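Novice: For reference, the structure I am asking about is given below.
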């Protein structure tokens, strides 16, 4: 019982309560609670329980929340526990005996083991069987016909429509054939403002949307797209009404634009393509042979290794999956997770749980329910939590991992280990197809995910059944919910008159997620027991800001995330929030609370774009560092003789600072450093070279360097990723420098009339580099031949790297951040996975055109015909930056991670995704 997570869907707050039993004085009460918990755990491990058992479990979970709330909030909780709750605990144990629940029949499931290493399940698996469809659509997209064409992809759920759309998306980057593109997902209950804002933000990344009304957004889209060749994908359409509105935003023109819509409904597909069936692609189930190929590949891996097992593959399981790739992948992921421990019984159990002679929708639903039941209890809780988000809401892995930890769903000794466990759960759910891998990288480097719509339906229903999450959306006329609500999700979207039902006891709610207009936001201060708060707010009318001044009254609050398109007003002081660990404001803040520096538990701090930074000394002292600073405008000096704690693992200082502080060189456990400086001198680099634990270094310099930046023998021995941006590129690597470096991203400018010398002296010494990305901007006055000269110099520099079988350089041009004109090149070993040794997040695949000739490098260059912009101007986009620290890159002892975030940015994951800006995020 000591290994229980503090909070879970099946056990309520029993795990948290167990952790406090030692403080109880009443021995009899402690024994009764232990007995109650063990009985609840026994039933939680069973399947298909009778109604009486399920009702008893729900009542005990509610009781556990009542008890832990008393312990956390009442000064005289010891007396109340004995006086009020002991009779209730005894009564609950008595009912268990009277109902004879000890002997209720139940069926136990084989539980999917938690993988220690999660394989990379390719998101496009199964497309090999649909090559004709892919080729046909690719030809139509670029057939030279200048008329706007709308193509529809229709098929049942789980057939692979989104996978096909993503494949087409990756193969058609801006600048290749289309001027701009957008990928947007809808839902059964669509929010048209969110959909249109998302499209506008993607096709016009340099100018975030400022309109809120649908007609204004349509006007802005029409004006921007009227003279462009655009490529739009609208995924998962459920009703023609969404298309009827969105279609007004897409000018017909004669520029060869293309739109793709995916849907499960044939009438919707026909309406989108103006009832021209020749533009409708109907996806069919996989054949038996292709189904078997997909199944065996997913269970045993690709190549020859599974050939000896092929005869053991039960044809009946494959047949019952009815050719649905989603069903095949989900089932095969369970079998693959057992590895060598697989038994015939496992196969037979799965076969017996799959339906026969039913519809495709029912087959997929039953498969997903079976997968859910096969998950470990903690993973079930984590999956159910995602019902807090609306259908098809785009999520980030790092966000969700931190939220699971903050909610108390993960049991582990340290914060780092909790994040690792959370990451393993997330990867498991992705591999099973419960969470979809949406590699539509709006900012070129950040992966998004979404819960499959059928999974979302299942977990929403299951959350209601378990009374785990109560979801209320604007369209519900009648709402069924328990008299005790612990987690509340208000999904109001663009509704202007949505309200929180009066019958909900706000004083009982522990976690609240709100998505809607500021005018419908309930009074947050009424939720006295809140530990966890997410607010995604839109101000639909001009206002004086979003008033969150009473947030300081939520004394139990641990996690606060606010995303808003208006100014957020925080209280003058936060002195009551002694437990607050995460404060993330993705909006402009009117004023920083004066005592923010004294938040004792604060671990993660993010402040929005345009916010005046608070006194850095206090923040760094209370979080991880202790340098005495002096501020000057938006530039901060962080130097001094202060002695920072050695436990610091991660530092990100994205508001520009004058120089690299000397004390950084003393952080022997520092793993991740991302920093923007006004100037860089060789002394600064010398200060960093001894950081033996550093694995990620992102260094951006605003002023041109006047001397060669050299890395000596033995420098940065653990470094795996190096990102460097400056107006000029003049780096030197001695033999033995950065011996473990695997990836580099280098940015510099083309200047008018410049003669380039050696940009990368000693690059041949970086023998383990597998990927090089270069970004070349252009300063005012630079012409095409200046860009060509910079390109040529960079090619020559990269060419000095020893060519061999393991490094076959290839280059593509890709749109990078908000730059209006830039040249981006990439060299990569095509055999290398997109995931590097667990130290970086998985990245979206690139459509890399490989041209390698034995030991020589063949380069294909193409340019964007747009306006010039320089690397110096990249630093002006600091207001649209945000930070993602790859926890996998942090290898620490048992001491807590230290994380500093001082990054002004503007973020709206739904409408914009992570905003485009340079310096870019480190690729995690």
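Read-outs: derived from the displayed coordinates by stated rules, not from any lab. Keep in mind it's a predicted model, so treat the numbers as computed, not measured. A quick note on method: Cβ atoms are made from the backbone with ideal geometry, for glycine too, and the neighbour counts reach across all protein chains shown.
Novice: Mind listing the Cα extents of the range 142-282 along all three principal axes, in Å, largest one first?
Specialist: 37, 36, 25
Novice: Please work out how much length the chain gains when fully extended from residue 735 to residue 170, using 0.36 nm per residue of separation minus the C-alpha to C-alpha distance, in nm with one decimal. Walk me through the intermediate numbers first.
Specialist: Working: separation 565, 0.36 × 565 = 203.40 nm, distance 3.80 nm.
Extending this stretch completely gives an extra 199.6 nm.
Novice: Separate question: Could you give the length gained on full extension between residue 95 and residue 483, defined as 0.36 nm per residue of separation minus the Cα-Cα distance, in nm? Spell out each step's value before the answer.
Specialist: On the way: separation 388, 0.36 × 388 = 139.68 nm, distance 2.03 nm.
Full extension from residue 95 to residue 483 adds 137.6 nm.
Novice: List the relative contact order of the range 387-466 as a percent without decimals, with contacts defined as Cα pairs under 8 Å and 6+ residues apart.
Specialist: Values: 72 pairs, mean separation 28.5, N = 80.
Computed over the range 387-466, the figure is 36 percent.
Novice: Then there is this: Got the relative contact order for the range 469-602 handy, in percent, Cα pairs under 8 Å and 6 or more residues apart? Walk me through the numbers before you get to the answer.
Specialist: Numbers: 315 pairs, mean separation 22.1, N = 134.
Result for the range 469-602 is 16 percent.
Novice: Calculate I(q)/I(0) for the range 14-103 by the Debye formula, one identical point scatterer on each C-alpha and no solvent, and give its log10 at q = 0.14, 0.15, 0.16, 0.21 Å⁻¹ to two decimals.
Specialist: -0.47, -0.54, -0.61, -0.99
Novice: Based on other C-beta atoms within 10 Å, arrange 262, 359 from fewest to most. Could you put the intermediate results ahead of the total?
Specialist: Working: 262 28, 359 11.
In order of increasing Cβ crowding within 10 Å: 359, 262.
Novice: Estimate the FRET efficiency between residue 679 and residue 785 by the formula 1/(1 + (r/R0)^6), using the beta-carbon distance for r and 22 Å for R0, to the nearest 0.05.
Specialist: Values: r = 30 Å, r/R0 = 1.36.
Between residue 679 and residue 785 the formula returns 0.15.
Novice: Could you compute how fast the range 387-466 diffuses translationally, taking Rh as the Kirkwood radius over C-alpha pairs and applying Stokes-Einstein at 25 °C with viscosity 0.890 mPa s? Give it in µm² per second. Please list the in-between numbers first.
Specialist: Working: Rh = 13.5 Å.
Estimated via Stokes-Einstein, D reaches 182 µm²/s.
Novice: Short version: what are the Cα gyration tensor semi-axes of the range 664-802, square root of 5 times each eigenvalue, largest first, in whole Å?
Specialist: Working: eigenvalues 132, 56, 29 Å².
They are 26, 17, 12 Å, listed largest first.
Novice: Continuing with this model, one more query. Of 55, 410, 458, how do they rank once you tally other Cβ atoms within 10 Å and put the fewest first?
Specialist: Numbers: 55 13, 410 24, 458 21.
By the 10 Å Cβ count, ascending, the order reads 55, 458, 410.
Novice: Please give the Cα centre distance for the range 141-193 versus the range 738-768, rounded to the nearest Å.
Specialist: About 37 Å separates the Cα centre of the range 141-193 from the one of the range 738-768.
Novice: Can you sort 272, 520 by how many other beta carbons sit within 10 Å, fewest first?
Specialist: By the 10 Å Cβ count, ascending, the order reads 520, 272.
Novice: Please report the orientation-averaged projected area of the range 727-793, defined via the convex hull of its C-alpha atoms, in nm². Working shown, then result.
Specialist: Details: hull surface 17.6 nm².
Averaging across all directions leaves 4.4 nm² for the Cα convex hull.
Novice: At q = 0.14 Å⁻¹, what log₁₀ I(q)/I(0) does the range 469-602 have when each alpha carbon counts as one equal point scatterer in the Debye sum?
Specialist: Result of the Debye calculation: -0.62.
Novice: Right, something else. What ranking do 770-778, 26-34 get when scored by the average of other Cβ atoms within 10 Å per residue, highest first?
Specialist: Values: 770-778: 23.1, 26-34: 15.9.
Ranking the peptides 770-778, 26-34 by packing returns 770-778, 26-34.
Novice: Over the C-alpha atoms of the range 543-590, what are the Rg and the largest Cα-to-Cα span, Dmax, in Å?
Specialist: According to the Cα coordinates of the range 543-590, Rg and Dmax are 10.6, 31 Å.
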